Amino acid sequence: MRVLTEFNVFDDMEGLFEARLKDVKTVVRSSRLREGEVTLSSQLATIEARFVYKVFDKLHNPCFIAIERQTSEGLTHLIYEVVGLRAIHFQMPGVESSIPKVIRLEILDRIKDGWEKSEETWIDIYAVPTGYKLDIEGGSLVFARTPLTPLPGADVRLLSDEAVRLFLCYEKGVEVGVLLGFNIGLKVNLVNLVRYHMGVFGFTGVGKSNLTAFLIRRALESVEDLKVVVFDIAGEYSIHLLDLLQTGLLYVSERSLLDIERLTQSQVIPETLEDKIDIQFLEMMFERLVNDGRLGFLSTAETRELTLGDVLETLQSTFDMRRSGAMAARRAYSELIRRLVVEKGLNESTTLQEIAEDDSCREVFLDIMSRLSSSLSERAGLRSDVASIIDALESPSAESSTGQATSPEELALRVWSGKSPPLTVVYIPEPIHARKTVSRFIERLLLLKKTRGLGSRVLIVLDEAQEYIPDRTRVDDWTERSNKAVEALLRQGRKYRAHCWLATQRVAHLNVNALQQLHSYFVSTLPRFYDRMVIADAFSLSYDVLEKTTTLDTGEWLFVSYKATRRKNVPVFIRTPNNEAILLKNLGLSD
Ligand SMILES: Nc1ncnc2c1ncn2[C@@H]1O[C@H](COP(=O)(O)OP(=O)(O)O)[C@@H](O)[C@H]1O
Ligand SMILES: [Mg+2]
């Protein structure tokens, strides 16, 4: 390992970077949000640096600086992130409107010629604390959280690329993008990005769905035994993840969409892919899904399935009425209670389908029922009931065969029990329908996990999240129910290995309680001040950092995480790979 010294921890830009701390103040911003007046306060340091073009230009990219801090225990460095700058010339205040034009022009000429040449020019750098300090101990860098504030007059140094890498990157993480301004890949702890929920925020067209699809790929590659279920209102993910769907499952919520031509027309091919992926190609790929039994119909129509409760009731009525076989029925009843309800955690609403899908429950159930059947006389009325129950269990309905409806509860069961493939995409164009499906899916998934064991690790992806968790809810459009379900998932999910990623363009009208459960988030351009305030408030993020998102380009993100990055809540700016390029490569369509 290379020994680190002051010389490579800091980058003095060949002697050009000279800077001192001028002052630190607390900036307070207030705004009226839905929940009332919100006040954000954050620390802002002003640093004066010598004006040199090279330095000025470099500081336009994301930069980290170290402010020296003498303490009672020696010297340390407080790490700050640059959020803004201003070039200043000593004579600038002279250019006032009260000054005659000739003189104003003369001053402006002097200012113009003064940059870099005159001692009367400098750069004011604005920076916010990362909450970390840096010590150089025995040739290695030690970063630790600190509440210390810096003192005016302190020397300020620029962190070298190497130091930034050591500050921000996990050695063994999964790369999700490249740090803007540095040629460094940002590696994160992807398991934690999944485990602690994540959000993607930005105006329409900034690349949220693209990023989400890319991260789903990374998650499937690096998180063991993960099941991803994407709920797609816009009809995008069957294309973003077309390659992965060849080993996954695509569900549609309308029977008419089982028609390949209709399905193809309902999906959105991004303009940028149009010349590579056309309607014919898509039809061919979807055809293949159908042939492989990978296209299914997910219905929210209530189906009345046989449950364990129905079986218990049948047995109970047999011995209550003292019909033939009453004693055998009573024995089977108490055995079912003991071995399935007490020992395995099933309950009366557990469906026979669910019992069929769990090998050990199925075995126990069949054992009890066959013994019951063989002890019943030919004439016992119970006999034919038991026979048909055994029948239903021995030949469970064919899974996901096209045309046959699956309910959200059945999907939850399949995903929980690990019987679904790694990726499932559910296309539900109609919002009320989507809320219904998502609510019922989440409710059942959590119930299964609470009563029957953890089961698979499941990541639920909700694009257009404003449809599910708006801040104003109603019963009739199902927003009330979907809000509760998603909030429950966000609050309790981690414990039960159920996780959520959501993407949305309208932060301002989102349920803030839900937002606050996200431990990682990507933010791109949010044109409205109000939206930026909501994010800053929900995540206690410096508004000055968020302000910088207004200059981000497509595929560029502010990324903050409390759990998935090497340092807690240190905002970084990254460029993420384009999912479309990966898709084309995997489909063998790239040039
Ligand atoms: N990382 C990226 N690199 C290059 N282009 C991108 C990237 N992300 C998105 N785009 C482009 O931006 C457009 C909008 O992306 P999309 O994911 O649909 O945005 P959103 O979901 O935010 O509305 C797409 O056509 C895509 O080609
Ligand atoms: Mg989108």
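The values are calculated or read from the model by the stated rules, or taken from the named source; none is laboratory data. Owing to the predicted nature of the structure, the values given are computational and were not obtained by experimental measurement. Here the Cβ is made from the backbone with ideal geometry for all residues, glycine too, and neighbour counts use every protein chain on show. Calculation scope for accessible area: heavy atoms of the full protein, side chains included, ligands and nucleic acids excluded. Shrake-Rupley method; radii C 1.70, N 1.55, O 1.52, S 1.80 Å.
Any chance the range 195-217 includes a residue that's touching a Ser or Thr at 6+ places or on another chain (Cβ under 9 Å), more than 16 Å from ligand 2 (Cβ to nearest atom) and farther than 25 Å from E409 by Cβ?
yes
Pairs only if they're at least six apart or on different chains, beta carbon under 7 angstrom, first in the range 459-479 and of a type outside the set (D, E), second within 16 Å of ligand 1 (Cβ to nearest atom) and open to solvent by 50 Å² or more (accessible area, probe 1.4 Å); list them, first residue then second.
Q466/R506
What are the pairs with Cβ atoms under 6 angstrom where one residue, in the range 209-225, is surrounded by 18 or more Cβ atoms within 10 Å (Cβ to Cβ) and the other, located anywhere, is small (G, A, S)? Sequence gap at least six, or different chains.
Listed by first residue and then by second, the contacts come to T212/A503.
Just to check your reading of the model, which residue among L558, L526, L552, L583 is within 16 Å of ligand 1 (Cβ to nearest atom) and open to solvent by 10 Å² or more (accessible area, probe 1.4 Å)?
Within the list L558, L526, L552, L583, the selection yields L552.
Of the residues that make up the range 475-496, is at least one surrounded by 18 or more Cβ atoms within 10 Å (Cβ to Cβ) and either under 29 Å from G181 (Cα atoms) or within 16 Å of ligand 1 (Cβ to nearest atom) (or both)?
So far as the range 475-496 goes, no, none of its residues is surrounded by 18 or more Cβ atoms within 10 Å (Cβ to Cβ) and either under 29 Å from G181 (Cα atoms) or within 16 Å of ligand 1 (Cβ to nearest atom) (or both).
If we keep just the residues of the range 497-523 that are in contact with a Leu (Cβ under 7 Å, 6 or more places away or on another chain) and under 21 Å from I574 (Cβ atoms), which is farthest from ligand 1 (Cβ to nearest atom)?
S520
Against the definition (β-branched (V, I, T), modelled with pLDDT of 85 or more, open to solvent by 80 Å² or more (accessible area, probe 1.4 Å) and assigned by TED's automatic domain parsing to the domain that holds V83), how does T26 come out, yes or no?
It is true that T26 is β-branched (V, I, T), modelled with pLDDT of 85 or more, open to solvent by 80 Å² or more (accessible area, probe 1.4 Å) and assigned by TED's automatic domain parsing to the domain that holds V83.
What number goes with the only condition from (1) away from ligand 2 (no atom under 16 Å from the Cβ); (2) hydrophobic (A, V, I, L, M, F, W, C); (3) in contact (Cβ under 8 Å) with a residue 12 or more places away in the chain that A581 does not pass?
Only one criterion in (1) away from ligand 2 (no atom under 16 Å from the Cβ); (2) hydrophobic (A, V, I, L, M, F, W, C); (3) in contact (Cβ under 8 Å) with a residue 12 or more places away in the chain is unmet by A581, namely (3).
Going by the structure shown, is G173 outside the structural domain of V572 (by TED's automatic domain parsing), touching a Lys or Arg at 6+ places or on another chain (Cβ under 7 Å) and modelled with pLDDT under 95?
Yes.
How do the strands (runs of 3 or more DSSP E) wholly within the range 185-299 filter down when requiring 2 or more residues that are farther than 26 Å from A564 by Cβ: which remain?
Correct list: 249-252, 295-298.
Is it true that some residue in the range 557-566 is assigned by TED's automatic domain parsing to the domain that holds V415, in contact with an Asp or Glu (Cβ under 9 Å, 6 or more places away or on another chain), under 30 Å from G84 (Cα atoms) and of a type in the set (A, V, I, L, M, F, W, C)?
No, there is no match, as no residue in the range 557-566 is assigned by TED's automatic domain parsing to the domain that holds V415, in contact with an Asp or Glu (Cβ under 9 Å, 6 or more places away or on another chain), under 30 Å from G84 (Cα atoms) and of a type in the set (A, V, I, L, M, F, W, C).
Restricting to the range 123-146, name every residue that is without any contact (Cβ under 8 Å) to a residue 12 or more places away in the chain and either among the acidic types (D, E) or closer than 16 Å to A45 by Cα (or both).
If the condition is that a residue be without any contact (Cβ under 8 Å) to a residue 12 or more places away in the chain and either among the acidic types (D, E) or closer than 16 Å to A45 by Cα (or both), then E137 is the only one that fits.
Hey, among H89, H60, which residue is open to solvent by less than 10 Å² (accessible area, probe 1.4 Å) and farther than 14 Å from T130 by Cβ?
The unique qualifying residue is H89.
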